[in-house]
Amino acid sequence: MEKVLTKNVRPDLSYVDLKAYEASGGYQGLRKALTMAPAEIIDEVKKSNLRGRGGGGFPTGVKWSLVPMGGDALQPKYLAANADEMEPGTFKDRLLMEGDPHQLVEGMAVAAYAIEASVAYVFLRGEYQLSEERLRRAIAEAYEQHYLGKNVLGSNFSVEMFVHMSGGRYMCGEETGLLNALEGKRANPRTKPPYPAVSGLFGKPTIVQNVETLCNVPYIVTNGADWFRSLSLTQDGGTKIYGASGKVKRPGLWELPMGTTIREILEEHAGGMRDGVKFRGLLPGGASTDFLVEEHLDVKMDFTEVQKVGSRLGTGTMIVLDDQTCPVGMVLNLEHFFAQESCGWCTPCWSGLSWAEKALDAIENGQGQSADLDHLSFICKICAPGNTFCALAPGAVEPLQSALKYFRDDFDRHIGEKRCPWKA
């Protein structure tokens, strides 16, 4: 299988400098992009079927086409790489930034040219200190060789690039929360419309795009949309960095064709379950996705097929549940995280998630009642899409609502025995 995003990533994760990146074909995508009209690049990205790798899966080229273009458009325009990556169980963007930072720099330069942006930010998770160090080094090297700055490679295109370290909070990963944080404000979500493509950072047209998404862009420009689609096993174009954590034999990350089955990822690449434990279920795309169970192992991991069985591809990084881990305790841990990360902007989120945590804590510690399960189901309904200001609460209740569906007997047993059966 052809490696695209991870071809330069070294086993020891040592830094890939500019010379090594160029030797592998680096910055050829930018050189070619500068010979094309911005509209041509956007059209090629549309035809490639590249969908956002941050969790939402929105078609990338369509998103870029929403940016006002031409002399009448507000200036400056901005591009922001969402490198916050605070989704529990997700660590794919960290691999790309540490292992091949010039790939992100080039992808951002091409994307900025395509939307006619003159300023680009990497909004980076505060804990990713090695990523920060390597990105700053790569950006400095890119400036030295005129891949960034004024009149890039002698063209009429100019772009300045900066790294902005996040102050923390899960809400910074929501695109409008990210923009508020970049402006020095609290990371609350904004009302939509207007959408960031029209009115984003400082009220100017802005595209916010995930790191993995942007890293694909130079290869699409260099090799074409048809090539990119040919890498996939489904209609969604390209490869995907899949991951697995939990009690598997080889937790980690693997670049595979988009549409690789859950079974292949779990059994061949993650090595199956550890000795002494059995598979019970998994969250396919980070903590804010619905559980899938054994009957779903042959589902293709792409945006369409995972949605058909009641979950989401999300970030494509699986959290695996085994038969020696309490599903109630696991969900309690997740809801505790989401409750404390709520920005408090809307009532269903800050109040509902807090009550969900309290009810789960009571059940886990032997104080739960049957009515608590009805209460939890009601919270899942009030936090459903359309009832909250952003997607935090709907995502937060996905593991809860699916746990109530697939592991109901475990909840009943906790309540009936007035204890957690997994605790001595």
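Values in this text are rule-based calculations from the coordinates and carry no lab data. Being a predicted model, the structure only gives us computed values, none of them experimental. We place every Cβ from the backbone using ideal geometry, glycine too, and count neighbours over all the protein chains shown.
Between helix 327-341 and the chain there is an angle of about 50 degrees, using the helix long axis and the longest principal axis of the Cα atoms.
A112 sits among other residues whose Cβ lies under 11 Å from its own Cβ, and their net charge, with Lys and Arg +1 and Asp and Glu -1, is -2. Over the stretch 180-282, calculate the relative contact order: mean separation of alpha carbon pairs under 8 Å at least 6 apart, over the residue count, as a percent. Reported relative contact order: 15 percent.
Adding -39500 (n - 2.57) for every DSSP H run of four residues or longer, then dividing by how many residues the chain holds, sets the calculated 222 nm ellipticity at -12000 deg cm²/dmol. Taken along the Cα-to-beta-carbon direction at a fixed 7 Å, the label points for L74 and D275 span 6.2 nm. Backbone geometry of the stretch 198-215 corresponds, through the Karplus equation with coefficients 6.51, -1.76 and 1.60 at θ = phi - 60°, to 3J(HN,Hα) couplings of 9, 9, x, 5, 6, x, 9, x, 9, 10, 10, 9, 5, 4, 4, 4, 5, 5 Hz, x marking Gly and Pro.
With 0.36 nm allotted per residue and the present C-alpha distance subtracted, the N156-E268 stretch has 35.4 nm of extension available. Which one of L50, Q209, G395 has its Cα pushed farthest toward the positive end of the charge dipole of the chain, where Lys and Arg give +1 and Asp and Glu give -1 at the Cβ? Looking along the dipole axis, the top candidate is Q209. Across the stretch 135-176, the residues whose backbone nitrogen lies under 18 Å from the label position 7 Å along the beta-carbon direction of A20 are 135-142.
Of all DSSP bridge pairs formed entirely within the chain, close to 40 percent run antiparallel.
Note on the stretch 220-344: antiparallel DSSP beta bridges, both residues inside, total approximately 70 percent of the bridges counted. Modelled spin labels at R419 and A362, positioned 7 Å past Cα toward Cβ, are 2.1 nm from each other.
Between the Cα long axis of helix 101-115 and the first principal axis of the chain there is an angle of about 70°, rounded to the nearest 10. Residues whose amide H comes within less than 5 Å of that of T239, counting only those at least five positions distant or on another chain, are M258 (H built at 1.01 Å from N in the peptide plane). Using the Karplus relation 6.51 cos²θ - 1.76 cosθ + 1.60 with θ = phi - 60°, the per-residue 3J(HN,Hα) values for the stretch 289-306 come to 10, 6, 4, 10, 10, 4, 5, 9, 5, 9, 6, 6, 7, 9, 5, 7, 5, 5 Hz, with x marking Gly and Pro.
Entry note, the stretch 18-230: relative contact order of 31 percent, from Cα contacts under 8 Å with a spacing of 6+ residues.
One quarter of the surface of the convex hull around the alpha-carbon atoms of the stretch 148-218 equals 5.9 nm², the direction-averaged projected area.
Just to confirm a number: summing +1 for Lys and Arg and -1 for Asp and Glu over residues other than K249 whose beta-carbon lies under 9 angstrom from that of K249, what do you get? Local charge sum for K249: +2. Cα centroids of the stretch 16-44 and the stretch 355-401: how far apart, whole angstrom? If we compute the Cα centre of each part, the gap is 47 Å.
Shown here is the pair-distance distribution of the stretch 239-322: with all Cα-Cα distances grouped in 5 Å bins from zero up to the longest one, the shares run 3, 18, 32, 28, 15, 3, 1 percent. Scanning residues 5 or more positions from G281 or on other chains, those with amide H under 5 Å from its amide H are L321, with H placed 1.01 Å from N in the peptide plane. Using alpha carbons only, how many degrees (0 to 90, rounded to 10) separate the axis of helix 129-144 from the longest principal axis of the chain? Once rounded, the angle reads 10 degrees.
How large is log10 of I(q)/I(0) for the chain at q = 0.12 Å⁻¹ when the intensity is taken from the Debye formula with one equal scatterer per alpha-carbon? Rounded to two decimals, the profile gives -0.97.
When the stretch 18-230 is described by a simple charge dipole with +1 on each Lys and Arg Cβ and -1 on each Asp and Glu Cβ, the residue from G107, L148, T90 located farthest towards its positive end is T90. Remark on F157: its backbone amide H falls under 5 Å from those of V152, a criterion applied only to residues 5 or more positions apart or on other chains, H modelled at 1.01 Å from N.
Taking label points 7 Å from Cα along the Cα-to-Cβ direction, R186 and D323 give a separation of 4.8 nm.
On the beta carbon distance between A384 and Q28, with R0 = 41 Å, the FRET formula returns roughly 0.35.
Where the centroid of each part is defined by its Cα atoms, how far is the stretch 171-236 from the stretch 113-151 in Å? Spelled out, the Cα-based centre of one part sits 16 Å from the other. Full extension of the chain between M165 and L66 gives 32.9 nm of extra length, using 0.36 nm per residue less the Cα-Cα distance. For the chain, the relative contact order comes to 16 percent (Cα pairs under 8 Å, sequence separation of at least 6).
For the stretch 165-172, putting each phi into the Karplus relation 6.51 cos²θ - 1.76 cosθ + 1.60 with θ = phi - 60° gives couplings of 7, 6, x, x, 4, 4, 4, 5 Hz, in residue order, rounded to whole numbers and with x for Gly and Pro. Spatially, the stretch 241-287 and the stretch 321-350 are offset by 22 Å when compared through their Cα centroids.
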